[in-house]
Amino acid sequence: MAMDAERQMAQLTLSDGRSLQLPELSGTIGPDVVDVRSLYGSAGVFTYDPGYTSTGSCESKITFIDGEAGILLHRGYRIEDLAQHCDFLEVAYLLLRGELPDPASNEDFAYTISRHTMLHEQLTYLFRGFRRDAHAMAILCGVVGALSAFYHDSTDITDPHQRMVASHRLIAKIPTIATMAYKYSIGQPFIYPRNDLDYAENFLHMMFAVPAEEYVISDVLARAMHRILILHADHEQNASTSTVRLAGSSGANPFACVAAGIASLWGPAHGGANEAVISMLQEIGDVSRVKSFIDRARDPADPFRLMGFGHRVYKNYDPRARVMQSTAHEVLGALGKENEPMFRLARELERIALEDDYFVEKKLYPNVDFYSGITLQAIGFPPSLFTVLFAVARTVGWVAQWNEMIEDPAQRIGRPRQLYTGVPERPFVPIEDRG
Ligand code: CMC
């Protein structure tokens, strides 16, 4: 495919000699895209890109990633600056509304979110229908989907006010649902939200408090929670966000769409990686065994991969991982856990992988999940809750992207095509004539 820069048209020549002009579109930053929407209509061929490695699925103004340079921007702001200077709800406001809030809007937004944190009491019975040993992601998926059965007054997606109320509800209620899933699994009473606490403090409170005694929230841990939530809030058109958009493109309600996003996030190649990091560290068990696991990761015949290393988009360094790395050290230091065997093991794994030829050549750096897994483990979250926490943070991104999609006048149902490799048409054989 040759580009004609002057007319900003790309030229595609097919094997039968036909030549087509396809418009080249430019964003504000980032690679241009070749607009192939007319391709099938004019040439009768599809593009083929199963992992979407070269496909832009939508136009968006929310998040920009330059994977080569290791840059992540939300609405133009660097993730490092947001993580250092903002609390989570400021970033949520930015993602949803496009601008950072002024002090009054910030307060107003925090107030609104805090007024939606409680759940309809009937929903508590839904939790009781799950087995106590159910994975918290399974419960989260089910309960978030069920919100559409409780909040009918915010499921009309054509009404901007209802869309906004649904967005606020999802952001406000997801920590309550996540922590209730945890409390249910360990047989403790549900802890209700408190409006005098900020978003991260309230999350820690609902997670770790018990009615029998006061829970004192550590500033370091609350700050770490804000950072973890900010770093996971949005990440452009990743698998779960694309799932939310695709589900939403049919006109499904936002609660159902976010439940679909949660299902997609659950997989170990996506949000499940932070949990997989801890399982891997437990499996390695001792610093002396790190090398043998690195050797396994290098072996093409062995499916084993180092969890928490590598990224589809960041081929240099994940900027979130850098912030998360310093947060991990801060938390481990504050809790006096730097020298616990698991964290020494993690540091050794990181050191060896960063020097190893295979990892260096393939540009497989520790990703955000490597450090968030370690930090969450140190704070006291059980590994089965790690992905749930990711989902709590990513709900903001899902909701922002879903709203953007619904408001886009060019929005159509997402309907990819395929390269069919099955049996061509053949005559039907009645059952008595078969075999
Ligand atoms: N350990 C060992 N080898 C690896 C790893 C790893 N963690 N990741 C990639 N490779 C190898 C892979 O075998 C392949 O080798 P070859 O070229 O010889 O076939 C090469 O590197 C490219 O890998 P890929 O699977 O084609 O790359 P991808 O872009 O499709 O996958 C990934 C990206 C994140 C799924 C993958 O790196 C991986 O499985 N990492 C471990 C799981 C993980 O940490 N996931 C969290 C991702 S970050 C959170 C998020 O944003 O959701």
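A few comments on the model shown:
- Any hit, the range 310-329, residues being in contact with a helix residue (DSSP H, G or I) (Cβ under 6 Å, 6 or more places away or on another chain), under 18 Å from Pro383 (Cβ atoms), within 13 Å of the ligand (Cβ to nearest atom) and not in a helix (DSSP H, G or I): no
- All positions within the range 397-435 that are of a type in the set (Asp, Glu) and over 30 Å from Gly251 (Cβ atoms): Glu425, Glu432, Asp433
- When restricted to residues that are closer than 14 Å to Asn403 by Cα and among the aliphatic types (A, V, I, L, M), the range 227-255 contains 4.
- Residue among Arg347, Arg322, Arg351 that is farther than 15 Å from Val287 by Cβ and surrounded by fewer than 20 Cβ atoms within 10 Å (Cβ to Cβ): Arg322
- Qualifying residue in the range 374-396 (condition: touching a Lys or Arg at 6+ places or on another chain (Cβ under 6 Å), assigned to a helix (DSSP H, G or I) and either at pLDDT 95 or above or closer than 22 Å to Tyr199 by Cα (or both)): yes
- If you go through the range 157-200 and pick out every residue that is in a helix (DSSP H, G or I) and touching a Pro at 6+ places or on another chain (Cβ under 8 Å), you end up with 9.
- Unique match (being more than 13 Å from the ligand (Cβ to nearest atom), at pLDDT below 95 and more than 18 Å from the chain's Cα centre (by Cα)) among Lys363, Lys291: Lys291
- Condition met for Val277 (assigned to a helix (DSSP H, G or I), crowded, with 22+ Cβ neighbours inside 10 Å and within 12 Å of the ligand (Cβ to nearest atom)): yes
- Exclusive hit being surrounded by fewer than 19 Cβ atoms within 10 Å (Cβ to Cβ), closer than 30 Å to His205 by Cα, modelled with pLDDT under 95 and near the ligand (Cβ under 9 Å from one of its atoms), set Pro268, Pro300: Pro268
- Test for Glu348: is it under 21 Å from Phe386 (Cα atoms), more than 15 Å from the ligand (Cβ to nearest atom), of a type in the set (Asp, Glu) and in a helix (DSSP H, G or I): no
- Restricting the range 236-265 to residues that are closer than 21 Å to Ala83 by Cβ and surrounded by fewer than 23 Cβ atoms within 10 Å (Cβ to Cβ), the residue that is farthest from the ligand (Cβ to nearest atom) is Glu236.
- The range 202-261 - residue that is under 20 Å from the mean Cα position of the chain (by Cα) and of a type in the set (Asp, Glu) and, of those, farthest from Gly187 (Cα to Cα): Glu236
- For the range 45-132, the helices (runs of 4 or more DSSP H) that sit wholly inside it and include 1 or more residues that are at pLDDT below 95 are 123-128.
The values are calculated or read from the model by the stated rules, or taken from the named source; none is laboratory data. None of these values were measured; they are calculated from a predicted model. Using ideal geometry, Cβ is built from the backbone for each residue, glycine included, and neighbour counts are taken over all protein chains shown.
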